[in-house]
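S.K.: Sharing a structure below in structure tokens format, with a few things to ask.
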Amino acid sequence: MNTADINLSNKELPMKKSMARKAVLPLLTALLAVLPATAMAGEEVSGSVAMYVVNNTWMLVATLLVFIMHLGFASLEAGMTQAKNTVNILFKNTAIIAIGLLTYAMMGFNLMYPGDFSIAGFFGFAGFGIAAPDGVAGGIAYADGAYSYWTDFIFQAMFAATAATIVSGAVAERIKLHSFLIFSTIYVAIIYPWVGSWKWGGGWLDAKGFYDFAGSTLVHSVGGWAALAGVMLLGPRLGKYVGGGIKPIMGHNMPLATIGVFLLWFGWFGFNGGSVLSAEPGLVSLVFVTTCLAAAAGIVGAILLSWVLQKKPDLTMALNGALAGLVGITAGADVVSVMGSVVIGFIAGLIVVASVMIIDRVKIDDPVGAISVHLICGIWGTLAVGIFSADHSFLIQLLGVAAYGAVCFPAAFGIFFVLKSIFGLRVDEEEELQGLDVGEHGMEAYGGFVIK
Amino acid sequence: MKKIEAIIKPFKLDTLKEALQTIGVTGMTVSEIKGFGRQKGHTEIYRGAEYRVDFIPKVKVELVLNSNMVEQTIATIMEATRTGKIGDGKIFVLPVDSITRIRTGETDEEAI
């Protein structure tokens with residue numbers, strides 16, 4: 001009987017979040033019949049309970065890995081910007097994880113996974129706050145033994161905050177702190193979970209067969225569209241585009257940027273590996289392989305193209321290449337072949353270098369390359385599912401990309417625009433030149449050192 | 001009393017310090033500086049955009065010594081820091097009006 005239980009779980013587990021939730025009720029009935037016997041058995045642990053514990057433990061480990069990605073974002077963004085804005089960058093990253101977690105508990109989770117939609121497939125809200133269903137319904141029966149209600153919440157909550165963090169790097173070194181924080185709160189509390197429900201919550205795009213495994217579109221493009229809107233309304237940093245030319249503003253700490261990228265890669269094992277939504281050995285290990293190979297191929301692609309175009313191999317491009325490969329594979333990490341993952345990652349590495357240079361030439365000033373990495377490679381990764389997986393349609397993938405763009409960009413633009421007319425978006429010229437560390441926070445990141 | 005200011009390549013500092021110690025120089029002041037002369041700068045690239053680096057890092061060594069040591073010191077500096085390539089730097093000699101050691105109040109030659 002134990003073996004049978006395990007086999008059953010393995011088959012059912014790879015279901016997407018929404019489907020898992022829908023399956024709760026019938027399964028609950030079935031499990032209720034089984035569980036008293038388990039409890040009676042005393043110290044003997046049944047196979048299904050063992051599987052549940054293993055699954056849930058892996059999902060919590062994956063949550064920890066996604067958590068540490070926030071330190072990765074903070075390090076990368078700090079390293080790629082000027083020393084005089086370091087406190088501001090670190091502060092924003094610290095505030096965003098707090099805002100992301102709290103708003104997700106308050107309303108995001110129930111907006112993203114409403115269960116029932118009040119406007120069919122488009123909008124649903126299951127109420128404020130979070131509360132686990134009683135007993136086994138919030139535990140072993142919650143997602144067919146894959147994870148508990150609380151695990152579901154905290155894993156998804158870690159994702160939510162990453163979408164807002166993506167914006168932080170693109171608008172760095174010139175945005176007013178309070179305007180940014182208000183934007184992040186609205187975007188991560190409402191826009192991210194609402195549009196996320198269209199796919200992961202079982203909404204209309206899910207019904208159409210749109211596929212986004214771990215969020216090339218749902219997380220990365222959603223953040224990327226907001227980054228683009230923010231940068232367009234903000235304008236470039238002072239001194240970036242002068243006399244028709246591009247004057248680079250160098251990041252102040254390449255070791256820190258490198259640490260950040262490796263932390264993000266490390267966290268991606270949880271971001272993608274956890275999106276299997278169980279510890280199913282075959283799928284989780286496959287996702288580790290595709291994720292890793294895509295990152296590696298992204299680095300190689302970025303190195304090659306930057307070397308050819310610039311005559312010098314550029315470290316920051318190699319770092320962006322790793323992230324490009326990771327964002328690219330995120331949509332299809334469990335449905336593409338190993339060879340497919342290498343090609344997706346490699347092309348993402350080429351795309352990110354070209355994109356960084358083109359975006360710079362059209363005078364969209366993105367200090368860390370967030371728009372190229374998260375938006376452009378997020379779109380690529382989502383479309384790539386339709387190319388490299390026989391089971392998914394390119395046109396449906398394109399529809400998904402377009403749908404998210406059509407809502408997220410105007411929404412972000414609108415929020416930023418309103419904030420701009422009420423508070424202003426940009427710090428004044430004197431503060432920008434002096435640095436936001438002193439201007440916004442009255443402190444320095446490197447007290448006692450003279451590196452401005 | 002003379003002051004010698006030598007602008008040199010940064011990696012030559014240790015060699016110069018040792019050479020000056022062997023001829024009896026008892027103190028010096030060193031600063032990291034930047035500048036350009038005939039060497040000009042060079043071009044660097046950051047994320048696809050080229051930019052000029054005109055100010056090249058150098059080290060400035062300042063010495064104050066008796067006038068009779070100037071010639072030997074200049075010869076020592078040249079020998080220790082010369083690579084023969086453009087950008088080796090320059091040596092300036094300036095007159096010094098007075099010296100006062102703050103701790104003891106000694107002046108001029110006694111204070112060198």
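S.K.: Answer yes if at least one residue in segment A:331-342 is within 14 Å of another protein chain (Cβ to nearest Cβ) and either more than 18 Å from A:L264 (Cβ to Cβ) or in a helix (DSSP H, G or I) (or both), and no otherwise. Full working, then the answer.
M.R.: Start the filter on segment A:331-342 by keeping residues that are within 14 Å of another protein chain (Cβ to nearest Cβ), which leaves none.
No, that holds for no residue.
S.K.: Could you tell me how many of the residues in segment B:54-92 are under 17 Å from B:L20 (Cβ atoms), outside any strand (DSSP E or B) and among the β-branched types (V, I, T)?
M.R.: Of the residues in segment B:54-92, 6 are under 17 Å from B:L20 (Cβ atoms), outside any strand (DSSP E or B) and among the β-branched types (V, I, T).
S.K.: Anything in segment A:178-200 that is among the small types (G, A, S) and within 16 Å of the chain's Cα centre (by Cα)? List them, or say none.
M.R.: Pass one, segment A:178-200, residues among the small types (G, A, S): A:179, A:184, A:189, A:196-197.
Those that are among the small types (G, A, S) and within 16 Å of the chain's Cα centre (by Cα): A:S184, A:A189, A:G196, A:S197.
S.K.: So the check is Cβ under 9 Å with 6+ separation or different chains; which pairs have a first residue in segment A:300-324 that's within 12 Å of chain B (Cβ to nearest Cβ) and a second one that's of a type in the set (K, R) and surrounded by fewer than 22 Cβ atoms within 10 Å (Cβ to Cβ)?
M.R.: What qualifies is A:S306/A:K312.
S.K.: In segment B:20-78, what residues are in contact with a strand residue (DSSP E or B) (Cβ under 9 Å, 6 or more places away or on another chain), closer than 30 Å to A:L305 by Cα and not charged (D, E, K, R)?
M.R.: If the condition is that a residue be in contact with a strand residue (DSSP E or B) (Cβ under 9 Å, 6 or more places away or on another chain), closer than 30 Å to A:L305 by Cα and not charged (D, E, K, R), then B:G41, B:H42, B:T43, B:I45, B:G48, B:A49, B:Y51, B:V53, B:F55, B:I56 are the ones that fit.
S.K.: Could you look through segment B:32-49, keep only residues that are among the basic types (K, R) and either surrounded by fewer than 12 Cβ atoms within 10 Å (Cβ to Cβ) or more than 11 Å from chain A (Cβ to nearest Cβ) (or both), and pick out the one that is farthest from the chain's Cα centre (by Cα)?
M.R.: Looking at residues that are among the basic types (K, R) and either surrounded by fewer than 12 Cβ atoms within 10 Å (Cβ to Cβ) or more than 11 Å from chain A (Cβ to nearest Cβ) (or both), I get B:K40.
S.K.: Kindly evaluate A:I371 against the criterion of being away from chain B (no Cβ under 14 Å), part of a helix (DSSP H, G or I) and β-branched (V, I, T). Walk me through it before giving the result.
M.R.: Details: away from chain B (no Cβ under 14 Å): no; part of a helix (DSSP H, G or I): yes; β-branched (V, I, T): yes.
No: the conditions fail for A:I371.
S.K.: Further, regarding this structure: For segment A:426-447, state whether one or more residues are crowded, with 18+ Cβ neighbours inside 10 Å, modelled with pLDDT of 95 or more and within 13 Å of A:F183 (Cα to Cα).
M.R.: Scanning segment A:426-447, I find no residue that is crowded, with 18+ Cβ neighbours inside 10 Å, modelled with pLDDT of 95 or more and within 13 Å of A:F183 (Cα to Cα), so the answer is no.
S.K.: Conditions: (1) farther than 17 Å from A:S197 by Cβ; (2) polar (S, T, N, Q); (3) modelled with pLDDT of 95 or more. A:N110 meets all but one. Number of the miss?
M.R.: (1)
S.K.: Please go through segment A:249-259 and give me each residue that is assigned to a helix (DSSP H, G or I) and either within 11 Å of chain B (Cβ to nearest Cβ) or acidic (D, E) (or both), ordered by number. Quick ask: steps written out before the conclusion?
M.R.: First, pick out the residues of segment A:249-259 that are assigned to a helix (DSSP H, G or I): A:254-259.
Correct list: A:M254 only.
S.K.: Which numbered condition trips up A:G203, out of (1) under 20 Å from A:G115 (Cβ atoms); (2) in contact with a helix residue (DSSP H, G or I) (Cβ under 7 Å, 6 or more places away or on another chain); (3) not β-branched (V, I, T)?
M.R.: Every condition holds for A:G203 apart from (2).
S.K.: Can you tell me which of B:R103, B:R38, B:R52 is closer than 30 Å to A:S355 by Cα and of a type in the set (K, R)? Write out each step before concluding.
M.R.: On the way: B:R103 fails: closer than 30 Å to A:S355 by Cα; B:R38 fails: closer than 30 Å to A:S355 by Cα.
Exactly one of B:R103, B:R38, B:R52 is closer than 30 Å to A:S355 by Cα and of a type in the set (K, R), namely B:R52.
S.K.: Only one of A:A354, A:A322, A:A296 is farther than 30 Å from A:M51 by Cα and crowded, with 24+ Cβ neighbours inside 10 Å. Can you tell me which? Reasoning before the result, please.
M.R.: Details: A:A354 fails: crowded, with 24+ Cβ neighbours inside 10 Å; A:A296 fails: crowded, with 24+ Cβ neighbours inside 10 Å.
Matching residue, one of A:A354, A:A322, A:A296: A:A322.
S.K.: Would you please name the residue that is surrounded by the most Cβ atoms within 10 Å (Cβ to Cβ), looking only at residues in segment A:73-92 that are under 11 Å from A:A172 (Cα atoms) and polar (S, T, N, Q)?
M.R.: Filtering segment A:73-92 for residues under 11 Å from A:A172 (Cα atoms) gives A:77-78, A:80-82, A:85-86, A:88-90, A:92.
After this cut, where a residue has to be polar (S, T, N, Q) as well, the list is A:81-82, A:85-86, A:88.
Values: A:T81: 25, A:Q82: 22, A:N85: 26, A:T86: 23, A:N88: 29.
Only one residue tops the list, namely A:N88.
The values are calculated or read from the model by the stated rules, or taken from the named source; none is laboratory data. The model shown is predicted, which means the values in this text are computed figures rather than measured ones. A quick note on method: Cβ atoms are made from the backbone with ideal geometry, for glycine too, and the neighbour counts reach across all protein chains shown.
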